[in-house]
Amino acid sequence: MCKTWCRQHRNCGGTWKYFQDQKRIVDYVLAFNGEETDPVAVAKRTIFQRNLEAEGLETEMENCQRIHFVKIHVPENVLSHYCEIMKMQMPMKKLDNQDKIIMRDFSIQSTLVRLFRRPLFNFVIIDRQKFAPPEYRLLYEYSRDKPYLFNDRDPNFFTPCIRVAVTHFILERAYYSENIDEKKDIGIRRLVEDQVYLDAYPLHDGCTDVKSSCQRALLLEEWASINKWIKHQPLDHIKEYFGVKIAMYFAWLGFYTHMLIPASVVGLICFFYGLLTYKGNQLSKEICGDNTTIMCPQCDRLCDYWALQTTCDVSKLSHIFDNEMTIVFSIFMSVWATLYLEMWKRYSSRIQHRWGITEYCSLAEPPRPQYLSRLKNIKKTMFNIATGTQEPSPPFWTKKFPSFLYSYSVIFLFIILTIAAVFGIVVYRMSLMTSKNIYGEGGSVSGKLIIFPATTAVINLLASTVLTYVYQYVAIYMTNVEYRRTQTEYNESLNLKIYLFEFVNYYSSIFYIAFMKGKFPGYPAKYNRILNLRQEECSPGGCLMELCIQLAIIMVGKQAIGGLTEILIPYLVQKFKEFRSVLGIEANDNENGERLICCNQWTKDFNLINWHDRSLFNEYLKMVIQYGFITIFVVAFPLAPFFALLNNVFETRLDAKKFLLYYKRAVPQRVRDLGIWYNIMHVVGKVAVISSAFIIAFSSNFIPRLVYMRVVNPNGTDEGFVNHTLAYFNVSDFETNAAPEDSNFKNITICRYTEYRNSYNDPHPYKRPLIYWQILAIRLTFVVIYQNIVSLVQIVVAWAIPDVPSRLQDQIKREQYLTNEYIIEQEKLKIQRNSTTANGASNYTHNGYLPSEDSSPDDERVNYGSIADDTEYTGQSEPAEDDCNSLKAIRIVTTRV
């Protein structure tokens, strides 16, 4: 019969998501191997499904194929019960005068928004005929005691997103053991980990044909298409399909991408300024026009002397990225970082209010099953004010602290190993300096100064990519060692570990070039060595050019690799699963050669990639790593915001397509903000100010040129600056085994090197002159002044931009007032009605709330225990100012948690 039903409904579109009666929609699906004969697994499934039905869920088995499916439908009475328990914010009935709440905003920001909504900019506006703006509705915490607030008889009142969230909430808390004292025997997550069920997932809309009218097809056509890259995102519709957590990610990604536009424009101005003025650069003129200056060898014995003129091209390129606009761009980006974070808080406050998550608190999140299983034999308990239950608690000194210490000790060990790997690359670079293949005969020094750092940057990129995959397994294992009660705590701890590693992994080599390379090389008579190898030196134009090359390759290369793998790998994995399913490789050989026939939505979605709690982690991580590139090191690479903008434009659409086509539908989750990622970006912004100050002071020629023009050159120009930065060395003073063994230059007695040191014929040869200490003092002074000025500007910007717009604050107050007044009026009517009924007046009428309009007496006498036999509901229904604080007054005691 099942195969016949499949043949009839294989192409029925909207009918292949229902029970056999074609009336009840499938909200969730459990899949398991029907050929499995393990009695333990069968018993667990039987008990689990029986408990689901006891909670009020309706199930239907489909066992016509090797993979059996349990279809789950959640009735409306269960939805209303659990929406109340989960403290869902639901849309209210339209109240009188609510349209007068929203007042016209006369702020500058709103004026700009209205300006860009004119017909001239219609090409960026989403099609409002396809994505109708949501109707303005007041939101209130759902309560069955206040039926006059909600139109819950509307068939569309409980959206598919809410249905899935409620079903998942029940699945996470249902037992699969007869002994409910076994806290570890709870939840679908544990059953999937133990392979009792192969998978558990909600269903996509199903249709992907752009001609169909379902939400998934509409999002694929209008949102996930690369052709729509310039369009705004339909955030409210994304939220309705995927839930708040994923919608918040796309809201942040879109906001961040838009904020990159001014940063990219200023970066391009800085770049083109250097490009247009490099021909008139005095440093390049002096280097390119100097045919007499001979430089000291750049390695021992095998390297020859070289002419300063050979670095002509490098000096011209250096000016493009190290010019007068550098410090202006640096200050702009420091202020931009603060402005971006403050504007995001302001922008997200509107989203939080519109989506009803302003008061959301995650304190009531239940413990992880893995956490409970580890505490099975722990007798110590603690009272959880959020859930109102006694929970096992690990002792701090004997359990939590040792696990924490062990976990982070291993993490820091791997971070040290990463630093060691970077040090190995540095030693490799220094060892190559002695090779004739690099600095020997053949090829220009200028070309080698570009190719050499480029090849080592590629090696560093490959090494960091490999280390990332290895480290993730270690970080997950170490986080499992810790006692993290909730999934949120677990994810936050894991996110922090991996980000610390990625920070060191991707940035350490750049920090080396920016702050270490060429700073302490010594001089030909006494070089500073590491493992008997000479340290690297910067070219006469400074190390900023090499830093730019390193940044460009690592940042752009990382984005290219990430963009290729994040869409290619899911596509290949999903196609491989389909390939195995079609050929029947997953199935055991049997007489009928039975295969998994994709005749409905649950079998079709079974082949998609599993969605889990950390599926968004990699998306956030690569964006925050990118944010570090464009803030911490943007001084050396002003094109970084532009490349980030190009990447993010396509990143948004590729992520959308990936989530819609290649992944199972995500379980909707509520989040209030970006979590730990906002804190990380805030810290990165502070680090960026310090980094920019040191790069300008110590890695560029800005300070030495300034001192030269103000102190040394009486003409006040930088003419002769290159000669001023080169010291004289007598070749007879070379240290042992440092002089060239075979030189193409004849009769060389004097060579030059980039350092501020006395000449060989000075009374104190090769010592530091006074000008060196003056420049050092000014560099340190610049760092202090720059950091304080920029920090002061950041503080002023943060103070001037309130986190919540005043108009929104006023709107919230008016909404609360109107809602409270309506509740007071309706409660008075309810009291009058009850009083009249008690006195025998059965024909009570009033122009307010009537029982016949919205509910029946049976509806008001809902038995809270009929759905969850061991669930006790006590508390008030009045609105609380904060969910976290209201948990003390409103207790929802669920003994199954």
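The values are calculated or read from the model by the stated rules, or taken from the named source; none is laboratory data. Given the structure is predicted, the values throughout are model-derived calculations rather than measurements. Cβ placement follows ideal geometry from the backbone for every residue including glycine, while neighbour counts extend to all protein chains displayed. Ligands, DNA and RNA are excluded from the accessible area calculation, which covers all protein heavy atoms including side chains. Shrake-Rupley method; radii C 1.70, N 1.55, O 1.52, S 1.80 Å.
Within region 639-671, the set of residues being of a type in the set (Phe, Trp, Tyr) and open to solvent by less than 10 Å² (accessible area, probe 1.4 Å) comprises PHE659 only.
Exactly one residue out of TYR760, TYR817 is in contact (Cβ under 8 Å) with a residue 24 or more places away in the chain and of a type in the set (Phe, Trp, Tyr): that is TYR760.
Selection over region 293-326 of residues that are closer than 22 Å to LEU275 by Cβ and open to solvent by less than 30 Å² (accessible area, probe 1.4 Å) gives a count of 11. When we screen VAL29, VAL40 for residues that are free of Cβ contacts under 8 Å to residues at least 12 places away in the same chain and not in a loop (DSSP other than H, G, I, E, B), the only hit is VAL40. I'd like the full set of residues that are surrounded by fewer than 19 Cβ atoms within 10 Å (Cβ to Cβ) and either charged (D, E, K, R) or under 19 Å from the mean Cα position of the chain (by Cα) (or both), limited to region 217-239. Once the filter is applied, which keeps residues that are surrounded by fewer than 19 Cβ atoms within 10 Å (Cβ to Cβ) and either charged (D, E, K, R) or under 19 Å from the mean Cα position of the chain (by Cα) (or both), region 217-239 yields GLU221, LYS228, LYS231, ASP236. In region 711-748, of all residues being part of a helix (DSSP H, G or I) and under 47 Å from the mean Cα position of the chain (by Cα), the one that is farthest from GLN298 (Cα to Cα) corresponds to PHE721. So which of LYS558, LYS526 is under 25 Å from ASN730 (Cβ atoms), open to solvent by 40 Å² or more (accessible area, probe 1.4 Å), out of contact with any Phe, Trp or Tyr (no Cβ under 6 Å at 6 or more places or on another chain) and not β-branched (Val, Ile, Thr)? Of the residues listed, the single one that is under 25 Å from ASN730 (Cβ atoms), open to solvent by 40 Å² or more (accessible area, probe 1.4 Å), out of contact with any Phe, Trp or Tyr (no Cβ under 6 Å at 6 or more places or on another chain) and not β-branched (Val, Ile, Thr) is LYS526.
Which pairs have Cβ atoms under 6 Å, sit 6 or more apart or on different chains, and link a residue in region 324-353 that is under 28 Å from VAL783 (Cβ atoms) and modelled with pLDDT under 90 to one that is among the basic types (Lys, Arg) and not in a helix (DSSP H, G or I)? Close Cβ pairs satisfying both conditions: none exist.
Out of curiosity, is VAL689 assigned to a helix (DSSP H, G or I), open to solvent by 20 Å² or more (accessible area, probe 1.4 Å), closer than 25 Å to GLN559 by Cα and of a type in the set (Val, Ile, Thr)? Considered against the rule, which asks whether it is assigned to a helix (DSSP H, G or I), open to solvent by 20 Å² or more (accessible area, probe 1.4 Å), closer than 25 Å to GLN559 by Cα and of a type in the set (Val, Ile, Thr), VAL689 comes out as no.
Do we have ASN122 as open to solvent by 60 Å² or more (accessible area, probe 1.4 Å), farther than 20 Å from ILE609 by Cα and modelled with pLDDT of 85 or more here? The answer is no for ASN122. Scanning region 731-752 for residues that are closer than 23 Å to CYS538 by Cβ and touching a strand residue (DSSP E or B) at 6+ places or on another chain (Cβ under 8 Å) gives VAL731, GLU735, ALA738, PHE745, ILE748, ILE750, CYS751, ARG752.
Of all residues in region 672-685, those satisfying the criterion of being outside any loop (DSSP other than H, G, I, E, B), open to solvent by 30 Å² or more (accessible area, probe 1.4 Å) and either hydrophobic (A, V, I, L, M, F, W, C) or touching a residue at least 12 places away in the same chain (Cβ under 8 Å) (or both) are TYR678, HIS682, VAL683. Restricting attention to region 526-568 and to residues that are under 24 Å from ASN281 (Cβ atoms) and outside any helix (DSSP H, G or I), the residue that is nearest to the chain's Cα centre (by Cα) turns out to be CYS543.
Tallying residues that are closer than 30 Å to ASP733 by Cβ and either open to solvent by 80 Å² or more (accessible area, probe 1.4 Å) or not aliphatic (A, V, I, L, M) (or both) within region 751-809 yields 24. Of the residues making up region 793-805, not one is closer than 16 Å to GLN352 by Cβ and assigned to a helix (DSSP H, G or I). As for region 249-266, it holds no residue that is open to solvent by 10 Å² or more (accessible area, probe 1.4 Å), more than 27 Å from LEU646 (Cα to Cα) and either touching a Cys at 6+ places or on another chain (Cβ under 7 Å) or in contact (Cβ under 8 Å) with a residue 12 or more places away in the chain (or both).
Among the residues of region 626-638, are any surrounded by fewer than 22 Cβ atoms within 10 Å (Cβ to Cβ) and in a helix (DSSP H, G or I)? Yes, that holds for at least one residue.
Would you check which residues across region 86-115 are open to solvent by less than 30 Å² (accessible area, probe 1.4 Å) and modelled with pLDDT of 85 or more and list them? Of everything in region 86-115, those that are open to solvent by less than 30 Å² (accessible area, probe 1.4 Å) and modelled with pLDDT of 85 or more turn out to be MET88, MET90, MET92.
Residue-level analysis places SER431 among those that are loosely packed, with under 15 Cβ neighbours inside 10 Å, in a helix (DSSP H, G or I), at pLDDT below 70 and more than 33 Å from the chain's Cα centre (by Cα). Every residue in region 308-318 that is free of Cβ contacts under 8 Å to residues at least 60 places away in the same chain and out of contact with any Asp or Glu (no Cβ under 6 Å at 6 or more places or on another chain), please. Scanning region 308-318 gives a single hit, LYS316. Residues of region 272-292 that are more than 30 Å from CYS751 (Cβ to Cβ) and open to solvent by 40 Å² or more (accessible area, probe 1.4 Å): PHE272, TYR273, LEU275, LEU276, THR277. The C-beta contact set for region 713-733 (first residue closer than 16 Å to ILE775 by Cα and touching a residue at least 24 places away in the same chain (Cβ under 8 Å), second residue hydroxyl-bearing (Ser, Thr, Tyr) and part of a strand (DSSP E or B), distance under 8 angstrom, 6+ apart or interchain) comprises THR725/THR754; LEU726/TYR753; LEU726/THR754; ALA727/TYR523; ALA727/TYR753; ALA727/THR754. Each residue in region 8-45 was checked for being modelled with pLDDT of 85 or more, of a type outside the set (A, V, I, L, M), under 15 Å from LEU198 (Cα atoms) and open to solvent by 50 Å² or more (accessible area, probe 1.4 Å), and 1 of them qualify.
Just need a number here: residues in region 399-420 that are open to solvent by 100 Å² or more (accessible area, probe 1.4 Å) and either over 18 Å from PHE511 (Cα atoms) or not in a helix (DSSP H, G or I) (or both). The number of residues fulfilling the criteria is 2.
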